[in-house]
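The values are calculated or read from the model by the stated rules, or taken from the named source; none is laboratory data. All of these numbers come straight from a predicted model, not from anything done at the bench. Note: ideal-geometry Cβ built from the backbone for every residue, glycine included; neighbour counts use all protein chains shown. Quick note on the areas: whole protein, heavy atoms, side chains included, nothing else; ligands and nucleic acids left out. Shrake-Rupley method; radii C 1.70, N 1.55, O 1.52, S 1.80 Å.
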Amino acid sequence: MGFFQDMVAVFKKRELSFLESYKESEDVYTFLFKKEKDLTWKAGQHGLFSITHKKFKNNTKPFTIASAPSENVVKLTMKINKNPSEFKKAMLELKQGMTIGMSGPLGSFYLTDDRPTVLIAGGIGITPFLSIVKQLEAEGNNNKKPVHLLYMDSEKFYLIKDKDELVANNSSLNIKYLDTREDLLTEINKVANLYQNNGQYLIAGPKAMVDSISSYLQNNSISKKNIKKDAFYGY
Ligand SMILES: Cc1cc2nc3c(=O)[nH]c(=O)nc-3n(C[C@H](O)[C@H](O)[C@H](O)COP(=O)(O)OP(=O)(O)OC[C@H]3O[C@@H](n4cnc5c(N)ncnc54)[C@H](O)[C@@H]3O)c2cc1C
């Protein structure tokens, strides 16, 4: 999505009604909101979400919409540590029927064509790919473009609950769980050698990780134009 569409989307504000939340792992929570009929997005995009039930600074933050457009819910999955920010404390206070604000959807972090695709996630950076792989499943990507998801989490708290089912339903999808940077680079070498500049490479995660993997790909002859980045600040 271009800059102009993003500007229009920023001004499109709506309220989302909270349904429920649950703990995914030690420091990751998922929040579900009702999806209104007129709300849609491209798998991988994010929104700007605002706390409205109390007042404090920085009450608006970007979060990926971790559910697929084909799912009947808006899902946000976020890291919340033992000393949460005001924003995240307020998220944990939500009760059924309370609302948060949303602007968007925004951004160009989504699949645009049928080239072989390499999705590289670091930790909480899995959120856009949760949406993308669910959407591919819903669209029936079987035997179409190969999609490799390389998912690194040093704590091994992988957030895909239905990995076997996803892969069984999509013969073109390959998911690798990794827990060291060395293993991640080994897997990146394999796919980058295979697809080179005929593939598209999407990287999401903490900013430092995204920048270093992007440089690594470029040092290995992958052109910048074939790389998309979703850098999460605050980690
Ligand atoms: C396009 C995009 C998509 C994103 N998608 C996601 C996503 O899907 N999931 C996700 O988790 N993040 C996502 N992020 C990152 C997200 O927007 C936040 O930057 C991130 O969650 C950190 O927010 P925070 O409120 O914890 O941190 P900050 O306010 O930046 O604080 C950082 C840390 O400081 C400490 N701190 C701050 N305030 C207080 C306080 N009042 N009391 C005690 N300690 C405090 C906390 O330890 C906190 O973790 C995305 C970012 C972008 C740009």
> Among the aspartates and glutamates, which fall within straight-line cross-link reach of Lys228, defined as a Cα-Cα distance under 12 Å, with same-chain neighbours fewer than 8 residues apart omitted?
Replying inline: Asp211
> Which peptide among 19-25, 43-49, 222-228 comes first, and what is the full order, when sorted by highest mean count of other Cβ atoms within 10 Å?
Replying inline: 43-49, 222-228, 19-25
> Which of the residue pairs Lys23/Lys163; Lys13/Lys54; Lys163/Lys207; Lys35/Lys156; Lys37/Lys57; Lys89/Lys163 have a Cα-Cα distance greater than 24 Å in the structure shown?
Replying inline: Lys163/Lys207; Lys35/Lys156; Lys37/Lys57; Lys89/Lys163
> What accessible area per residue comes out for the stretch 3-106, rounded to a whole number of Å², with a 1.4 Å probe?
Replying inline: 54
>> Checking the cross-link filter: which aspartates and glutamates have an alpha carbon closer than 13 Å to that of Lys12, excluding same-chain neighbours under 8 positions apart?
In response: Asp38
> In whole percent, how big is the carbon plus sulfur part of the accessible area of the chain, probe 1.4 Å, protein atoms only?
Replying inline: 51
>> With the cut-off at 32 Å, tell me which of the pairs Lys144/Lys224; Lys88/Lys190; Lys88/Lys225 have Cα atoms farther apart than that.
In response: Lys88/Lys190; Lys88/Lys225
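When ligands, DNA and RNA are left out and all protein chains stay put, how many square angstrom of accessible area per residue does the stretch 117-232 have with a 1.4 Å probe? Don't jump to the answer; show the numbers that get you there.
Values: 5120 Å² over 116 residues.
Counting only protein heavy atoms, the per-residue value for the stretch 117-232 is 44 Å².
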>> With angles folded into 0 to 90 degrees, how steeply does helix 181-195 sit against the dominant principal axis of the chain? Use alpha carbons for both and round to 10.
In response: 60
> What order, most packed first, do the peptides 3-13, 148-158, 105-115 have when packing is the mean number of other Cβ atoms within 10 Å of each residue?
Replying inline: 148-158, 105-115, 3-13
>> On C-alpha positions alone, give me the angle between the axis of helix 127-139 and the longest principal axis of the chain, in degrees, nearest 10.
In response: 70
